[in-house]
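Notes follow once the structure below has been shown.
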Amino acid sequence: HVQLVESGGGLVQTGDSLRLSCASSGRTFRSHYMGWFRQALGKEREFVAAISWSGGSTDYGASVKGRFTISRDNAKNTVYLKMNSLKPEDTAVYYCAATMRQIRRSGEGVDYWGQGTQVTVSS
């Protein structure tokens with residue numbers, strides 16, 4: 001069983017930056033594709049970013065491309081999401097996801113989810 005624990009969320013102002021972290025307890029972290037999704041209050045879950053097991057391939061949602069960067073440190077069993085130029089519309093609970101297969105933007109097929117971390121961007 002894999003546990004994912006997110007951290008790094010908080011309250012920031014428009015234009016600020018934050019870095020989210022997701023630590024995995026599993027010994028199979030190096031084999032997992034990792035991703036970030038978010039869900040704003042009253043809205044559907046939205047794909048944010050994904051990274052392959054090696055870190056060599058990344059994918060981003062249209063609304064964050066160019067502002068957010070996903071990365072991973074397999075030695076630390078941790079995936080990161082660096083968020084720059086934050087906007088109020090980035091306000092959401094951010095969830096870490098892990099899967100043995102390529103992350104689908106729909107979120108279907110994800111094997112493990114974290115508990116989420118709140119990001120609030122004030123205007």
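Starting from the 7 Å offset along Cα-to-Cβ, what nm value, one decimal, do you get for the label separation of Asn84 and Ser25?
In this crude spin-label approximation the distance works out to 3.5 nm.
Working out 0.36 nm times the residue gap between Thr58 and Lys43, then minus their Cα-Cα distance, what length gain in nm do you get to one decimal?
Extra length from Thr58 to Lys43 when fully extended: 2.9 nm.
Which trypsin sites (Lys or Arg not before Pro) from the range 35-123 combine a DSSP loop assignment with at most 10 other Cβ atoms within 10 Å?
Answer in residue order: Lys43, Arg101.
Taking the Cα centre of the chain as origin, work out the dipole magnitude from +1 charges on Lys and Arg Cβ and -1 charges on Asp and Glu Cβ, in debye rounded to 20.
That gives a dipole near 260 debye.
Treat each spin label as a single point 7 Å out from the Cα along the C-beta direction, and report the Gln13 to Thr120 distance in nm.
In this crude spin-label approximation the distance works out to 1.6 nm.
Full-extension gain between Ser106 and Ser71, please, as 0.36 nm times their residue separation minus the C-alpha to C-alpha distance.
10.6 nm is the gain from fully extending Ser106 to Ser71.
Considering Cα pairs under 8 angstrom that are at least six residues apart, work out the relative contact order of the chain and quote it in whole percent.
36 percent
The numbers here are math on the coordinates, done by the rules we state, and not lab data. Model, not experiment: these values are computed from the prediction. Positions of Cβ are generated from backbone atoms using ideal geometry, with glycine treated the same way; all protein chains shown enter the neighbour counts.
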